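The values are calculated or read from the model by the stated rules, or taken from the named source; none is laboratory data. In this text the structure is predicted, and so the values were computed from the model without any measurement. Because the Cβ atoms are built from the backbone with ideal geometry, glycine has one as well, and the counts that use them run over all protein chains shown. Accessible surface areas use protein heavy atoms only, side chains included; no ligands, DNA or RNA. Shrake-Rupley method; radii C 1.70, N 1.55, O 1.52, S 1.80 Å.
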Amino acid sequence: MTMRMAAWEPAEATTPDPDPHGRAADLARFLDGRRTLALTGAGLSTPSGIPDYRSPGSPPRTPMTIQMFLSSPEFRRHYWARNHLGWRHMDAARPNAAHRALAELEHRGVVSGVITQNVDMLHIKAGSRSVLDLHGSYGRVICLDCGHRVSRHALDEALVAANPGFRDRVAGRGAIEVAPDADVVLDDTASFVTVDCPSCGGTLKPDIVYFGESVAKDVVERAYAMVDDADAVLVAGSSLTVMSGLRFVRHAAKTGKSIAIVNRGATRGDDLAELKIDHRCEEILPAAAATMHTVA
């Protein structure tokens, strides 16, 4: 499964559904009596301070592609300098009410698991136990030559040692703009020193699936198995712009499973959904969980 490059312009603004309490009750009725798999996207994490590519009003951005990353040592230096500053922002992010609601619903046996297109680890931080990181995780780094993996914290220590005072110098210039995917907007990176794989001296890359790169076959197989094991699928906070997420919704529809979507704005799966709610996940999901608790 390859992530294809998409036109990352902000989504068209829509008017949210009225009566969010009533819509949350609709979702509670959908979930009742079903083991539901959650498929989550960037819209779930924006309330935690992690920007996305598609929210109305977001600045147009060009997502990282594997071709860009591999294009030259200079580009990789530029990338790692920005990531060296930005990954801490993602690391400091905390789950919001939507993450906590999904974790609670899993503990109660309503949600069977989570497939997330996000790389922010917020589902794990919220207490979800069955989580598949479809596109990887910011917290790991992989060597493209030997496959050796190290934690992002360990790499940070090496980068700090190789670039003494770099963070302080950048901070002294004033506020920097945080971008999606553990990145920041930064132009002056010529002096930054990168670090190679501690095992073989090869090229290190965040353990994240870039556009133009294939999701590992075993991850795809696990995702399909999670869909097949569930009674229904809940899409939360994803416009389903990329095929890597949309194909699981289409698979669920083909196998006769019910689909619900909670997202601000239209999605590519709306015509497959039994229930579509145009509203914020951090409002609808906790209210639905509370409604189900009250009924129970």
Calculate how steeply helix 152-162 sits against the longest principal axis of the alpha-carbon atoms of the chain, using the helix alpha-carbon long axis, and give the answer as 0 to 90 degrees to the nearest 10.
-> 20
Given Cβ charges of +1 for Lys and Arg and -1 for Asp and Glu, the option among HIS148, HIS21, ASN163 whose Cα lies farthest towards the positive end of the dipole of the chain is HIS148
Taking Cα atoms, the helix 243-254 axis meets the longest principal axis of the chain at an angle in degrees (rounded to 10) of 20
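Nearest 5 percent is fine: what portion of the DSSP beta bridges confined to the chain is antiparallel?
Around 30 percent antiparallel, to the nearest 5.
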Distant-in-sequence amide H partners of SER258 (H built 1.01 Å from N, under 5 Å) | VAL233
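Report the full-extension gain for the segment ASP228 to VAL160: residue separation times 0.36 nm, less the Cα-Cα distance, to one decimal in nm.
Values: separation 68, 0.36 × 68 = 24.48 nm, distance 4.50 nm.
Separation in residues times 0.36 nm, less the Cα-Cα distance, equals 20.0 nm.
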Accessible area of ARG35 in the full protein assembly, 1.4 Å probe (Å², nearest 10) | 90
With every protein chain in place, the chain: carbon and sulfur % of accessible area (1.4 Å) = 51
Considering the values (1) 15.3; (2) 12.9; (3) 17.5, which represents mean projected area of the Cα convex hull in nm² as calculated for the structure under consideration?
-> (1)
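What ranking of LYS125, LYS276 comes out by heavy-atom accessible area, probe 1.4 Å, highest first? Kindly include the intermediate steps, with their values, before the conclusion.
Values: LYS125 80, LYS276 50 Å².
Per-residue accessible area, sorted high to low, gives LYS125, LYS276.
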Order the following by accessible area, largest value first: HIS148, HIS251, HIS99. Probe radius 1.4 Å; ligands, DNA and RNA are ignored.
-> HIS148, HIS251, HIS99
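Let's see if you can work this out: charge +1 on each Lys and Arg Cβ, -1 on each Asp and Glu Cβ, no other charges. What is the dipole magnitude of the chain about its Cα centre, in debye to the nearest 20?
Values: 33 positive and 36 negative charges, 56 e Å.
It works out to roughly 260 debye.
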Which sequence of ASP228, ASP133 reflects their accessible areas, 1.4 Å probe, from the largest down?
-> ASP228, ASP133
Tilt, helix 281-295 to longest principal axis of the chain (alpha-carbon atoms), in degrees rounded to tens, equals 40
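Report the full-extension gain for the segment ALA216 to HIS153: residue separation times 0.36 nm, less the Cα-Cα distance, to one decimal in nm.
On the way: separation 63, 0.36 × 63 = 22.68 nm, distance 2.38 nm.
Full extension of this stretch gives 20.3 nm more.
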Can you find, among ALA225, ALA103, THR189, the residue farthest towards the positive end of the dipole of the chain? Put +1 on the C-beta of Lys and Arg, -1 on that of Asp and Glu.
-> ALA225
